[in-house]
Structures are given as structure tokens and as C-alpha cells.
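> I'd like to ask you about the structure that follows.
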């Protein structure tokens, strides 16, 4: 064997300097990660915290029931909802509310007990924690448009069946059965419920079945909104890019909000079939749909429709929030670094700003694995070829392990942690 052939043979079997070896998940405790927020009045986050995926998984135990929460972002939402439930509990016992309710007390805790006694209903309502959140950062697994024809046909059949066999239940009853689903978004949330949600600074289309039922119960008592106007609730105001969306979901009728989303999706050149699939995807509440479309519409990058097509593959609330928060990271980035285009046919949101491709990941922790290494290489190569960029950055809302940072550097990435989500 010649010297040259021997060298080729050696290189063929020698490990690459950037070859991945799956890094062990970090050991995380609730107190170490959350500090004083690990435990408070009426709740605690139990140990251990599962750190094996993109998002930390929390066992969130509260006076209103126990749920599994995927991700720091979702935990923040659930903490806010817990505070809202406490406030509703107090308000329901106030004299002004008791008089309006004819002496009856809306027992917020009882609605919780009902949800907890029906684990299947609770699980389908809460959504987070049903399955391990995992998003491949590379190309989509399938073309959504290939499956839309069947979905559209099903919709027409469902509409015909609804005409022949109308559902006589009240909108509140329907909403209670499907708390958090798209059906709940359209059927169950009236103006009074939205008014109370705004008062409390929470999502009127929440997937928390306890809060959803409580909002509907308060709405039935306070239809005119006179009680909400007279009671001060110490809930902090929403700030950031999501503030405008909050005003939309609180102020607009669901049908009007759907029409706005449809119009904006059309402006983004989202294919009608893809938009239809998004509206039907129960992983996206009406609020999440609105946040996704609003963030993309604020920037209007080339190939935005392709990212919506990727988002339609979300099969859980955690996955849906990944796409929504990616778009909101882009919206915030665009304020300082104008975004021109999106890398098409990819789950990770990769955007071009100037000569740089930026990969935006709204995840809690990135560690080095074979799968991530392959995806990082693919994204970097496609960004240079298709977006024609000379630099590539990875921006993560959470943290990146030392090993992952080193290996990403070897692939040409600049890494930034702790990026704001909105």
C-alpha cells in the first residue's frame, strides 16, 4: 500500500474532531434552577427535574391540582395562572360578588377537584407533559399539503353532519369538554370571560382546564362586567412583543380574531391548505395561532409560509409553543437586526440578517448529541448555500453546555445564550 493510500485509509476510520458523543443530561434540582420560585404559597416544584430533553420537565404540585409542565416558559405561564386562581378564589368570596351571584359562591377549588378526578380530561386539557417534547431541527418529516385534501374533505363532512345532528349543549358546556382546543377557542369564550382573563392577565383560551372553567363560571355571574370593573386585582401587566397579541385575544370576538389571522396568513403567502391545517391543529389554541401569525406578520420575511408549514406538524402544546416562541424571538431580533428571509423547509427557525444566518432556539438547555450534531451541520451547510450567508449564529433562550459550545464553535457557529423570548 502506498503512503497516500495508507493515509486515506487512516482518515476513513479516524474519528472526526467534531464527531458527537451523546453528552449526559445535567443534574438539575428545582431549587438550583428556580431559586425562591421553586416553592411558594400554595405550590412547590418537586424534585427531580427531568433535564433529558430540550425543555426541563417539572412536576408542578399546587393546591389546585398537580400537573407536569414542559419548559421554563410554560412553568412561568402556570405560575401566573396559579396566582390568577388564587385571586378568583378571593373574589368569589367577596360580598359584592356574592350579591351578584345571588348568594352563591363560585368554588374555584371544586372545579379543580372535578378536573383531578377525571385524569383523562385533565390530561387532554392541560396538554403539557403528555409526551416528551422533541423537535428535529432539520427538514420537515412530510409535506403538509399532501395531507390537506383529506382534512378539508373531513371538514365538509363534519359540517354536513352538524347540520343534520345539531349539538344542543350550551357553548359553556362545549368549552368545558374541550378546554384549550380550537373548538373551545371558537365556542366557549365570550366577552365576559375575556374581560376577566384580561383583568387577571391570563390567556382566555388557556389549556389549563381549572382556570378555563373558572373563567366561564365568573362570566356567567358577571355577564355585564360590572363586578370586574369594581374589583382591583394585583396582577402585573403583560409587556414585550406579546402585549399587542394580549389585547387582540382579550378584545376581539373569536370569529373576528380568526378572520384577522386568515387575512394576515394570506399576506404572508401561506398556502390556503396549510393555513387550513393550522386552524384545525388542536396543539395550537386560538391564542397560539394568533401569536404565531402576528410575529411572522410583524416581520414579513421571505418564505414565512414554509415555517408555518413546519409548525403545522406540532402534535403537542409544547411543540406548538416552540414554533410560536421561535417566531417571537425573530420579531424581537428584527427590531435591532432586520430579518430578510427564512430558511425554507426546516423546523428550526433560521433567518438571514445581512450576511449572517441566525438559528433561533427557544429551548431550556442544549447538550451535545449525535442527533443535534447532524442537525447543526445540516443547518449550517444549507444556510450558507440557500441563504448565501458567510456567518452562522445559534441564539438560545436557555443555556448551552460547555461541550456543545466547543463543538458548535468547531462547526463555525457563534453561540449566544439567554436570548429573550419576546
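Every read-out reported here was derived from the displayed coordinates using simple, explicitly stated rules and does not represent laboratory data. This is a predicted model, so every value here is computed, not measured. Note: ideal-geometry Cβ built from the backbone for every residue, glycine included; neighbour counts use all protein chains shown.
> For the stretch 268-422, what relative contact order do you get, as a whole percent, if you take Cα pairs closer than 8 Å and at least 6 residues apart?
Once divided by the residue count of the stretch 268-422, the mean separation gives 20 percent.
> For the pair residue 414 and residue 388, how long in nm is the line joining their label points, each one 7 Å along Cα→Cβ?
Result: 2.1 nm between the two label points.
> Also: For a test of the definition: using alpha carbon positions, the gyration tensor, and the 1.5 limit on a/c, classify the stretch 241-335 as rounded, prolate or oblate.
Working: a/c = 1.16, a/b = 1.02, b/c = 1.14.
Here the stretch 241-335 falls in the rounded category.
> Restricting to bridges with both residues inside the stretch 293-422, how much of the DSSP beta-bridge set is antiparallel, in percent to the nearest 5? All intermediate terms of the calculation are to be shown ahead of the outcome.
Numbers: 7 of 20 bridges.
Here the antiparallel bridges make up roughly 35 percent for the stretch 293-422.
> Which order do the peptides 327-333, 56-62 come out in when sorted by mean C-beta neighbours inside 10 angstrom, highest first?
Values: 327-333: 24.0, 56-62: 21.6.
Those peptides, ordered most packed to least, come out 327-333, 56-62.
> Follow-up question, since we're still on this one. Evaluate the relative contact order of the stretch 343-422 (contact order divided by residue number), counting alpha-carbon pairs under 8 angstrom at least 6 apart; express in whole percent.
Values: 131 pairs, mean separation 25.7, N = 80.
Computed over the stretch 343-422, the figure is 32 percent.
> Can you tell me how the stretch 356-402 classifies by the Cα gyration tensor, rounded, prolate or oblate, using a/c under 1.5 as the rounded cut? The partial results should precede the final answer.
On the way: a/c = 2.74, a/b = 1.56, b/c = 1.75.
Note, shape of the stretch 356-402 comes out oblate.
> Once you put a point 7 Å from the Cα of residue 381 and another 7 Å from the Cα of residue 22, both along the Cβ direction, what distance in nm separates them?
About 2.3 nm separates the two model spin labels.
> Quick one: if you stick a label point 7 Å off each Cα along the C-beta vector at residue 39 and residue 399, how many nm between them?
With each label placed 7 Å out from Cα toward Cβ, I get 2.1 nm.
> Would you please state the base-10 log of I(q)/I(0) at q = 0.23 1/Å for the stretch 336-422, with intensities from the Debye formula using one equal scatterer on every alpha carbon?
Results for the stretch 336-422 at q = 0.23 Å⁻¹ read -1.20.
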